[in-house]
Amino acid sequence: MQAKTVFFDLDGTLTRSGEGIIRCARFAAEKMHSPAQPEDWSVFIGPPLYDSFRKFCRLGEDAAAEAVTWYRKRFTETGWEENAVYEGIPMLLRSLRAAGIRSVIVTSKAEAFAVRIAERFGLSAYIDGIIGPGLGERQPDKEHLIRKAMNCFEGPYVMVGDRVFDMEGAARAGIPAVFAAYGYGRTNEAEGAAAAAGSPAELLDLLLPEGPRARGLFLSMEGVDGCGKSTQQKALVSEMQRLGWRIVLTREPGGDEIAEKIRQLILDPGNTGMQDVTEAYLYAASRAQNARMRILPAIERGDMVICDRYVDSSVAYQGGGRQLGAERIRELNAWATENCMPDLTVYLRMEPHEALSRRLSVSIPDRLEREKDSFFLRTFEAYEKLYKGRDGCRVVTVDAAQPIEAVTDEMLRRVRQRLSDLAVMGRNSAQG
C-alpha cells in the first residue's frame with residue numbers, strides 16, 4: 001500500500017484508551033442525570049463526544065455541551081492517563097520513520113489532550129503532527145480533520161482507524177483507509193476499507209510490505225548488590241509494556257539454559273577455590289551465550305530487551321572489585337558480545353554498605369555476596385569511575401537511597417525522556 005503520509009486515529013488505533021473514556025463518559029452522564037444510558041459504553045470511543053451524549057444519553061444541545069465539559073474535567077485530572085499503547089505500535093512508527101513515511105495523528109479528541117497523551121506515552125517522538133479540534137470547538141467530523149491534515153502534509157495518504165467514522169471520513173476525503181480490527185470497532189464498521197489489520201504487526205506489513213524494520217532497543221540495569229534492581233525492574237517492565245513495547249527479559253550471568261548453568265557455577269557458595277580470572281571468563285562465557293541466543297535476536301525482531309546487569313557489571317566487579325583492570329575486562333567482553341552494548345543503562349546508585357545490608361536481610365548470600373567489605377567498596381568506586389560524566393548519555397543515574405516510590409518515579413520519568421531523545425537522534429540520523 002503506497003503512502004507518503006499515514007493518518008492515524010488515536011483511541012483504539014494507537015492506544016487502548018477505553019478505560020479512561022468510559023469512566024469519563026459515565027462520570028459526565030451521572031453529573032447530567034442523563035435520561036438514558038447505552039448498554040455498551042464503548043460506543044463513546046471514537047466519535048465526537050457532543051454527538052455521543054446527544055445520541056446515547058438523549059441530552060439536548062445545551063446539556064450535551066455541559067456533559068462534554070464534565071467529561072473533560074475528569075479527563076484532564078485522571079482520565080487521560082488511564083491509557084496504554086497497543087503492543088507493537090513503537091515498532092510500527094519507528095519502521096515507518098526509517099522508510100521515510102510520515103505519521104500524523106488525526107483524532108476527534110481535543111488536540112490539546114492528544115498532544116499530552118502522545119508525549120506521556122512516548123508517541124510524540126515518532127509523530128510528525130497532531131490534528132484535532134480545539135478545546136472550545138464542537139468536534140468536527142473526521143472528513144474535516146482529514147482534509148485539514150491533507151493541507152499540511154504531502155500525499156499519497158492512507159487513513160488508519162478502528163471506527164466507521166474513520167472509514168467514512170477517509171472515503172469522503174478521497175483517500176484509502178485501513179481498518180484497525182484490533183481496536184474498538186465492530187466488524188461491520190470496516191465497510192469501505194481498502195484492507196483490515198488484526199494487529200499492529202499486520203498493519204506494518206500492509207503499510208510497509210517490503211520495507212526495512214526498525215531495530216529494537218536494549219536497556220540494562222546496574223548497581224551494587226542490594227540497590228533494588230529487582231523491584232525497579234518490575235516497574236520498568238510494566239511501564240515499557242504500557243508504552244507498547246514487547247519485552248524480552250534476561251539477566252547476567254544467565255539467559256538461556258546454557259547461560260543459566262554457568263550462572264549456577266559462578267554463584268555456588270561451595271566454589272571457594274574459583275580463581276578471579278576464571279570468574280571473569282565464566283561471566284564473559286555466559287554473556288556470549290546470552291547475547292547471541294537472546295539479546296541480539298530480540299533486538300533484530302524489534303523488541304525491547306531489559307537485562308539485569310551486563311558488561312558494566314564485569315567492569316565494576318571483576319575489573320574493579322577483583323582488581324583485574326577495567327580495560328582488560330572491556331576487551332574480553334567486546335569479543336564475547338560482538339560489541340553489542342545497551343542503548344540505555346539505568347544505574348541505581350547506592351552506597352555499598354547500605355545496599356548489601358538490605359540484600360542480606362532478605363536472602364541467603366551467594367558466593368560473591370560473601371566477599372569482604374573492601375571488595376564491594378572497590379566495586380562501587382569502579383561504577384562511580386565508569387559512569388562519571390556520563391549521566392544523560394547512555395547512562396541514567398538514579399539515587400536508589402530514596403524511598404522506593406520516589407526511585408521509581410525518577411527512574412521512569414528519566415527513562416521516558418531518554419527514549420524520546422534516542423528517537424529524535426534516530427530521526428535526525430535518518431534525515432541526514
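The values are calculated or read from the model by the stated rules, or taken from the named source; none is laboratory data. The structure displayed is predicted, hence computed values, not measured ones. Cβ coordinates were reconstructed from backbone atoms using ideal geometry, including for glycine residues, and neighbour counts include every protein chain displayed.
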- Task: Confirm whether Thr278 is in a loop (DSSP other than H, G, I, E, B) and outside the structural domain of Leu93 (by TED's automatic domain parsing).
- Result: no
- Do the conditions hold for Met293, that is, is it modelled with pLDDT of 95 or more, surrounded by 14 or more Cβ atoms within 10 Å (Cβ to Cβ) and part of a loop (DSSP other than H, G, I, E, B)? no
- Query: Going by the structure shown, is Ala181 touching a strand residue (DSSP E or B) at 6+ places or on another chain (Cβ under 9 Å) and surrounded by 21 or more Cβ atoms within 10 Å (Cβ to Cβ)?
  - Reply: no
- Query: Considering only region 116-156, how many residues are farther than 16 Å from Leu96 by Cα and assigned to a loop (DSSP other than H, G, I, E, B)?
  - Reply: 13
- Message: Quick check on region 299-328: of everything there that is surrounded by fewer than 21 Cβ atoms within 10 Å (Cβ to Cβ) and of a type in the set (A, V, I, L, M), which residue is nearest to the chain's Cα centre (by Cα)?
- Response: Ile299
- Query: Quick one: in region 41-85, which of the residues that are of a type in the set (Asp, Glu) and in a helix (DSSP H, G or I) is surrounded by the fewest Cβ atoms within 10 Å (Cβ to Cβ)?
  - Reply: Asp62
- Message: Just checking, does region 185-195 include any residue being closer than 30 Å to Met304 by Cβ and either touching a residue at least 24 places away in the same chain (Cβ under 8 Å) or surrounded by 15 or more Cβ atoms within 10 Å (Cβ to Cβ) (or both)?
- Response: yes
